[in-house]
Every structure is written in structure tokens, then in C-alpha cells.
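Have a look at the structure below, then the notes.
Only the coordinates and a few stated rules stand behind these numbers; no lab work does. Note that the coordinates shown come from a computational prediction; the quantities given were computed from them, not determined experimentally. Positions of Cβ are generated from backbone atoms using ideal geometry, with glycine treated the same way; all protein chains shown enter the neighbour counts.
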Amino acid sequence: MAKKSTSSSDIYTAILALAFLAVLAATVFITLTSINYYGSDAVLKIAQASK
Amino acid sequence: MSILTKTLAVLLSVFSLLLAGMFVVFVGNANNYKQMYEDQKLLSTTLQADLTTKDEQYNVQVKKCAELEQQLQRELQTLEADKNQLATDLRSAERLAQKAQADADSWKGVMTGFEQSVRNLQASLDQTQGQLDQARSQGVKDQKELNQITADLYEKVVQLQSLEAERRRLLEQKKELEKQVATGGFAAKEVTPVTLQQNRMASPATIAPAGTDIKGLVVEVQQNLITLSVGSADGVKENMVFHITRGDSFLCDVVITNVDINRCAGVLDLVQQAPQVGDTASTQL
């Protein structure tokens, strides 16, 4: 029973890790695209403005 | 891990994936507004430059149009002045034409009168010409009569000269007889007259026989002597009278004193005009 619980927890951990990686990849993609479009200065200004 | 935690973890993962996918899709499809802004800015700058150029060209064209308008306005004023001048000239020309027409009508009447006068003068001239012809024929006839009278006069002069010679001869015979009577009465001998014979003294001018008209030309003129181009071969004889004429004018007579074969010479008589070389000589007028 304990072994079954452990493997189930790994699955959910993998799901969360996958979701985190997807969000991270999307963030990186959006950042690179924004830098490409508007430049790093504009992205930094946006980041500083949000603080 | 409770079921609720598991459910929330799965839902969170799913929503994260969906949200990440949506963001990725949105960002991937989003326009590059900066690039578009720069493009539009460049386009605006270009258009602004074009607008400036067009404005300059427009101003230049407007200036040219203004100059052209002024020039055309001046030309229009000049043409208007020319038009007025031409209208004035036209009116003047019309007045002159009317005046010329009136003059022409007047001159037409005058010319009609002149034509009538010329016709009258022509008729008068014809009449005068007839009278002149008549007078010329009368003159020629009178000239012939004059020549005849002159020939008769020559004949009378010759007779007078012969009578004078006879009178002298008789006076000489009388003197000789008186001398003989004074010296003792010799028989009368034949008296030889010392004067020339009657025919030797003078002879009447010979008038050419009627019907034999001898014509020649004057070839030499020397004071009172004249030489003609006809001679004995043409029937010319001494004392023959030639009449010298030039055209219809009678110049003089020539009494022939010397005759050669083809030349003859004589002295002038009844001179009215001096003859010249080339004048016509004939025995009959």
C-alpha cells in the first residue's frame, strides 16, 4: 500500500514538473519574442515598472 | 496526498498547460508593433519629405502660374488694345472705302464725259484728217501748177534773153552800118554777131516727157550743186528738171547741167529746204 502511494505521488510530481516546464518554456518563448520585438531595454523597463 | 490535492494538482497542471499554450499562440501571432511603428514612421518621414517636395513644387507651380497669369493678363491687355486699334482702323478703312467709292462714282461720271469728249474729238480729228488730206492733194496739185508756171517762167526768161541778144546783135549791126556809111559806102557784108547764138546763150529747161518718170536719190550735195544717182543710161538729159522731195515735203528743184552714164549733176532751183544725201529725186511729183 505504501509502495502504491509512493508511485502515485511520483506521477503527480511528474505532472506538476511537466506543467512547470511548460510554463517555463512559454515564459522563455514570450521573453525572447518580446526582446526580439521591442529590445531588452523595453523588457527591463516593463519589468521595473511592474515592481 | 488527499484526493482533493491530487485533483487540484492535475487541474493546475492542465490549466497551466492551456494557459501557456494560449500565451504562446497569442505571442506567436501578435504583430511586431514596434517594427510596424518604425515602418510607419519611416513611411511618414518619407511622405513628409514627399509632401515637402510636393509643397515646394506646388509653390513653384503656383508661382509659375501666377507669372503665367500675369503674362497672359498682359498679353490679353495687349490683344485688347490691338483689337481696339484694329476696330478703329476698320472704321477708318470703311470710311475711306466709302469715300473711295464716292470718288470712283464721281470719276466714273467724269470718265463718261471724257469718253464722250474723246468720241467728239475723234470725229473732229477724222474730219480734220479728211480736210488735211484734201489740202495735201490740193497742195500737190498747186505744186504741179507751180512747177509748170516755173517752167513757163524759165521759157519766158530764155525768150527774154534771146530777145536781148537779138537787140544787142541789131545794135551792133546798126553800129557797123553807121561805120560803113561814115567810111564811104562799102557794100554791105555779112555781119557776124559777136554775141553768142540764141541757143548757146540759154536754153529753156527741159521738162521730162509725160509718162517717163525718172526716179533717183541725192548722192552728194555741195552748196548750190547736187549730184543724183541716175544718168544718161536712165534717160536723163541736160536741162532736165528733177524735183527733190523728202517724204511728202517738197524741197527744191534741180536743173541738170552735166550728165554721166550713171550720174548727173545740176544746180538747185526753187529752194524751200536744203536737200540732204538720201532724199528722193524724180521728174514728176
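A:Leu16 label point, 7 Å along Cα→Cβ, cut-off 14 Å on backbone N: hits in the stretch B:1-36? Flagged as within label range: B:1-14. Using the Cβ-Cβ distance between B:Lys54 and B:Leu8 with R0 set to 56 Å, the FRET efficiency from 1/(1 + (r/R0)^6) comes to roughly 0.25. Of all lysines in the structure, those lying under 19 Å Cα to Cα from B:Lys99, and not within fewer than 8 positions of it along the same chain, are B:Lys108. Helix B:33-183 and the longest principal axis of the C-alpha atoms of chain B enclose an angle of approximately 0°. Under the shape rule built on the C-alpha gyration tensor, where the axes satisfy a ≥ b ≥ c, chain B is prolate, since a/c reaches at least 1.5 and a/b is greater than b/c.
Extension gain for B:Gln173-B:Gln98 works out to 16.4 nm (0.36 nm per residue, less the C-alpha to C-alpha distance). Please identify which residues in the stretch B:24-51 have an amide N closer than 18 Å to a label point set 7 Å out from the Cα of A:Tyr38, following the Cα→Cβ vector. Taking a point 7 Å out along Cα→Cβ of A:Tyr38, the residues of the stretch B:24-51 whose backbone N falls under 18 Å are B:24-41.
Shown for A:Ile11, B:Ile226: other C-beta atoms within 10 Å of each C-beta, ranked fewest to most, produce the order A:Ile11, B:Ile226.
Between B:Leu121, B:Leu96, B:Leu12, the Gaussian network model of chain B with springs among Cα atoms under 10 angstrom shows the greatest mean-square fluctuation at B:Leu12. Ordered by the count of other Cβ atoms within 10 Å of each Cβ, fewest first, B:Cys65, B:Cys264 give B:Cys65, B:Cys264. Evaluating 6.51 cos²θ - 1.76 cosθ + 1.60 at θ = phi - 60° for every residue in the stretch B:246-261, the Karplus couplings come out as 9, x, 9, 8, 8, 9, 6, 10, 10, 9, 6, 10, 9, 10, 10, 5 Hz, glycine and proline recorded as x.
Distant-in-sequence amide contacts of B:Ile214, defined by a placed amide H-H separation under 5 Å and a gap of 5 or more residues or a different chain, comprise B:Thr283, B:Gln284. When B:Asp82, B:Asp234, B:Asp253 are sorted by how many other C-beta atoms sit within 10 angstrom of their C-beta, beginning with the fewest, the order is B:Asp82, B:Asp234, B:Asp253. Please work out whether the protein assembly as shown counts as rounded, prolate or oblate from its C-alpha gyration tensor, where a ≥ b ≥ c are the square roots of the eigenvalues and a/c under 1.5 means rounded, while otherwise a/b larger than b/c means prolate and anything else oblate? Here the protein assembly as shown falls in the prolate category. In this structure, the amide hydrogen of B:Asp260, modeled 1.01 Å from its nitrogen in the peptide plane, lies closer than 5 angstrom to those of B:Ser232, B:Ala265, counting only residues at least 5 positions away or on a different chain. In terms of distances greater than 25 angstrom between alpha carbons, the cross-link table entries B:Lys141/B:Lys215; B:Lys156/B:Lys179; B:Lys41/B:Lys64; B:Lys144/B:Lys215; B:Lys156/B:Lys215; B:Lys34/B:Lys54 yield B:Lys156/B:Lys179; B:Lys41/B:Lys64; B:Lys156/B:Lys215; B:Lys34/B:Lys54. Remark: relative contact order (the stretch B:205-282) = 36 percent; criterion is Cα-Cα distance under 8 angstrom and separation of 6 or more residues. Modelled this way, with points 7 Å down the Cα-to-C-beta line, the labels at B:Arg119 and B:Arg136 are 2.8 nm from one another.
Only Lys, Arg, Asp and Glu carry charge here, each on its Cβ (+1 for the first two, -1 for the last two); on that basis the stretch B:30-122 has a dipole of about 260 debye about its Cα centre.
Its relative contact order, with pairs defined as Cα atoms under 8 Å and 6+ residues apart, puts chain B at 11 percent. Dipole magnitude for the protein assembly as shown: about 2280 debye, using +1 per Lys or Arg Cβ and -1 per Asp or Glu Cβ, origin at the Cα centre.
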